[in-house]
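Written out below as C-alpha cells is the structure these notes cover.
The values are calculated or read from the model by the stated rules, or taken from the named source; none is laboratory data. In this text the structure is predicted, and so the values were computed from the model without any measurement. Cβ sites come from the backbone with ideal geometry, for glycine too, and all protein chains shown count toward neighbours.
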C-alpha cells in the first residue's frame, strides 16, 4: 500500500546537545514555541529577549546591540497614548517615560549579553523578509506600534542586506563566545497580511539567506521547520483554527524531529521519563489518601529525587510532598 506522505528526514549532528547545554532562541513567534518546549524539559533557555521580532535586519541589529550593553541605546523612540515605545523592539517593551524605557532596554541588553556569553546554542527563527521603513529616519523598524501607516513604507529586504547584517553580528558573537553554535529556521507561519504571493517571495528570500549562511559559516546549520510544516504536515488538520499557525500537534511533531536530530540519547530517555512524571503530577485521584495513591506518590517522588542531581526538580518535589500523608 502506498504511504501518502512526504516525510522530512533530518540527519543527526555529529556532536549532539545535552540537557545541560544553554540555548537562546530569538526571532518570530516560532522561536518562542521551541524555547517553551526546552524550558518544559528543564533546558536552560532564554526566549525572545526582545519580544517577537520578525525580520532578520531588526533581529541581527538587536542582538549586536546587546553584545555592547554599556553603549547608550540610540534607537528611535515614539510616544503613543501616554506610553513610550522603541521602533527596534516589540511593543511589550514600553514605559510611561522615555528615560524609563531606555533604562529597561539597557537592562535587557545587559541580561542578554550575560546569558549569551555562557550560551552553547543560538537559535534564530526568521519570520518575514517584508519590513517597514520609517519615512523620516529611513530606518527599518521591527514594530510600527500602531503608528499611522503613512509614516512608513513597505520594503522587501534583499539577501545581500541580510547577509551583511548577519556577518557583522557573527563577527561580534565570535569575539564574545567563539564556541557558540547557531541553528537557523524559517518560521512555518504564513504572513497573510502581505498577501500569499508576497509571503511566498518573502519565505524564498529567507530560505536562500539561511542557505548562504550555512554555506559560509561552519558553526551554523539549518533546521527545516518550514519544510516539515509545508511538505510533511500538509493538511489543515495540523493548523490552528486561524489556518495560519501550526496546531499543538504540529508543534509537538516538529519538536520531536528537532530533539531526535540534535540531542543525545540520554536526553531522549529523559524526555520519555519526564513526560510520564508530568502525567503523574497532573493525576487527580478520587481518593487522594488511599494506600494505592500514596504509594503512587512515593514512587513519583522517588523518580524526581533521582533526577534532582541532574536538574532542578524542587517545585515538582514540593508538589508531591504536599500531597503525601
Answer with yes or no whether residue 112 is in the same structural domain as residue 234 (by TED's automatic domain parsing) and within 18 Å of the chain's Cα centre (by Cα). yes
Test for residue 50: is it touching a helix residue (DSSP H, G or I) at 6+ places or on another chain (Cβ under 9 Å) and over 18 Å from residue 225 (Cβ atoms): yes
If I filter segment 279-297 down to residues being surrounded by 10 or more Cβ atoms within 10 Å (Cβ to Cβ), part of a helix (DSSP H, G or I) and without any contact (Cβ under 8 Å) to a residue 24 or more places away in the chain, which single residue comes out as nearest to the chain's Cα centre (by Cα)? 279
Of everything in segment 214-254, what is touching a helix residue (DSSP H, G or I) at 6+ places or on another chain (Cβ under 6 Å), within 30 Å of residue 179 (Cα to Cα) and part of a helix (DSSP H, G or I)? Give them in sequence order. 225, 228, 251, 254
Right, residue 202: in a helix (DSSP H, G or I) and in contact with a helix residue (DSSP H, G or I) (Cβ under 8 Å, 6 or more places away or on another chain) or not? yes
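Can you tell which of 163, 184 is touching a helix residue (DSSP H, G or I) at 6+ places or on another chain (Cβ under 8 Å) and in a helix (DSSP H, G or I)?
Values: 184 fails: in a helix (DSSP H, G or I).
Within the list 163, 184, the selection yields 163.
Suppose we filter segment 102-137 for residues that are free of Cβ contacts under 8 Å to residues at least 12 places away in the same chain and touching a strand residue (DSSP E or B) at 6+ places or on another chain (Cβ under 9 Å); how many remain?
Narrowing segment 102-137 to residues free of Cβ contacts under 8 Å to residues at least 12 places away in the same chain: 103-104, 107, 114.
Those left that are additionally touching a strand residue (DSSP E or B) at 6+ places or on another chain (Cβ under 9 Å): 103-104.
Qualifying residue count for the region: 2.
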Contact list, first residue from segment 155-166 and assigned by TED's automatic domain parsing to the domain that holds residue 138, second anywhere and in a loop (DSSP other than H, G, I, E, B) and surrounded by fewer than 17 Cβ atoms within 10 Å (Cβ to Cβ), beta-carbon distance below 9 Å, six or more apart or interchain, is 166/217
Selection from segment 4-44 of residues without any contact (Cβ under 8 Å) to a residue 12 or more places away in the chain and closer than 16 Å to residue 182 by Cα yields 14, 15
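Residue by residue, here is whether (1) over 21 Å from the mean Cα position of the chain (by Cα); (2) farther than 16 Å from residue 261 by Cα; (3) outside any loop (DSSP other than H, G, I, E, B) holds:
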{"site": "5", "(1), (2), (3)": "yes, yes, no"}
{"site": "10", "(1), (2), (3)": "no, no, no"}
{"site": "20", "(1), (2), (3)": "no, yes, no"}
{"site": "32", "(1), (2), (3)": "no, yes, yes"}
{"site": "37", "(1), (2), (3)": "no, no, yes"}
{"site": "51", "(1), (2), (3)": "no, yes, no"}
{"site": "73", "(1), (2), (3)": "yes, yes, no"}
{"site": "78", "(1), (2), (3)": "yes, yes, yes"}
Evaluation of residue 101 against (1) farther than 17 Å from residue 67 by Cβ; (2) modelled with pLDDT of 95 or more; (3) surrounded by fewer than 13 Cβ atoms within 10 Å (Cβ to Cβ) (one fails), failing number: (3)
Regarding residue 91, is this residue outside any strand (DSSP E or B), outside the structural domain of residue 173 (by TED's automatic domain parsing), in contact (Cβ under 8 Å) with a residue 24 or more places away in the chain and surrounded by fewer than 17 Cβ atoms within 10 Å (Cβ to Cβ)? yes
